[in-house]
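Please read the structure below before turning to the comments.
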Amino acid sequence: LPWKTDCPAGAALKRLADGRVELVSKETEATAFASVPMIRSGLYEIILQLEEPSPGTGIYLGDDRGQPLQAVGFFRDGLTGLPVVRYDRLDSPMAATSINPDTEPVPYIARRPWLRLVPSCGSLKVWISGDGVHWGQAFSAEPMVGRWSHVGLYSRPGEQARNVRLRLLQIRQLDAHT
């Protein structure tokens, strides 16, 4: 795939011999980005399988320049210490995440989480899976911001080492929206 990168000093996109890619960062002062463009506009679902994503990393939908419009990030839940996935606001500092299981479903993720994103009808819907077969909606849909044309990985700035490894990326055009 034709990956486009915007990585500050201390960050890089690594292409692994088996076809996987990994965005790594350590001691960075800015967010690192790596994205691939869509071939044409349309209605798509995006399926990703990741490997052990670090808190402070995630996936995003970007504009024509590859800049983020909408992000789904990985966090450590403050109540349980377990990894979770949530919408992320890349224009603000990383916030602590605590999800109360008594008031909302908790989107815990596995070591190799699967995510399915469907941006359509002015909103982004996100599902998670532990096996790529059985899916559950991760959280409520969020309004889309702008027109997306790239899908990518990001790693927030900071002293600690972070990585997000992409094992599988499928972008499937949907013929009908049901």
Only Cα pairs within less than 10 Å get springs; with that Gaussian network setup on the chain, which residue of F33, F75, F139 has the largest fluctuation? F139
For the chain, the accessible surface attributable to carbon and sulfur atoms (probe 1.4 angstrom, ligands and nucleic acids excluded) amounts in percent to 50
How much solvent-accessible surface does K125 expose, in Å² to the nearest 10, with a 1.4 Å probe and all protein chains in place? 50
Which one, I39, I109, I59, has the greatest fluctuation when you compute a Gaussian network model over the chain with C-alpha springs under 10 angstrom? I39
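Assuming 0.692 mPa s and 37 °C, estimate D for the chain with Stokes-Einstein, Rh taken as the Kirkwood radius over Cα pairs, in µm²/s. Intermediate results must be reported in sequence, preceding the final value.
Details: Rh = 16.4 Å.
The Stokes-Einstein estimate is 200 µm²/s.
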Identify, among G73, A141, L13, the residue whose Cα sits farthest towards the positive end of the charge dipole of the chain, taking +1 on the Cβ of Lys and Arg and -1 on the Cβ of Asp and Glu, with the dipole about the Cα centre. L13
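In debye, nearest 20, what is the charge dipole magnitude of the chain about its Cα centre with +1 on Lys and Arg Cβ and -1 on Asp and Glu Cβ, if you could check?
Computed charge dipole of the chain: roughly 420 debye.
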Added length on full extension, which subtracts the Cα-Cα distance from 0.36 nm per residue, S120 to V145: 7.9 nm
Hey, in the GNM for the chain with a 10 angstrom Cα cutoff, which one of A96, A110, A12 fluctuates hardest? A96
Around W148, which amide H atoms from residues at least 5 apart in sequence, or from another chain, sit under 5 Å from its own amide H, with H modelled in the peptide plane? none
In square angstrom, what is the accessible area per residue of the chain with a 1.4 angstrom probe? 51
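The values are calculated or read from the model by the stated rules, or taken from the named source; none is laboratory data. Owing to the predicted nature of the structure, the values given are computational and were not obtained by experimental measurement. Positions of Cβ are backbone-derived with ideal geometry, glycine not excepted, and every protein chain shown enters the neighbour counts. Protein only, heavy atoms only, side chains kept; ligands, DNA and RNA dropped before computing areas. Shrake-Rupley method; radii C 1.70, N 1.55, O 1.52, S 1.80 Å.
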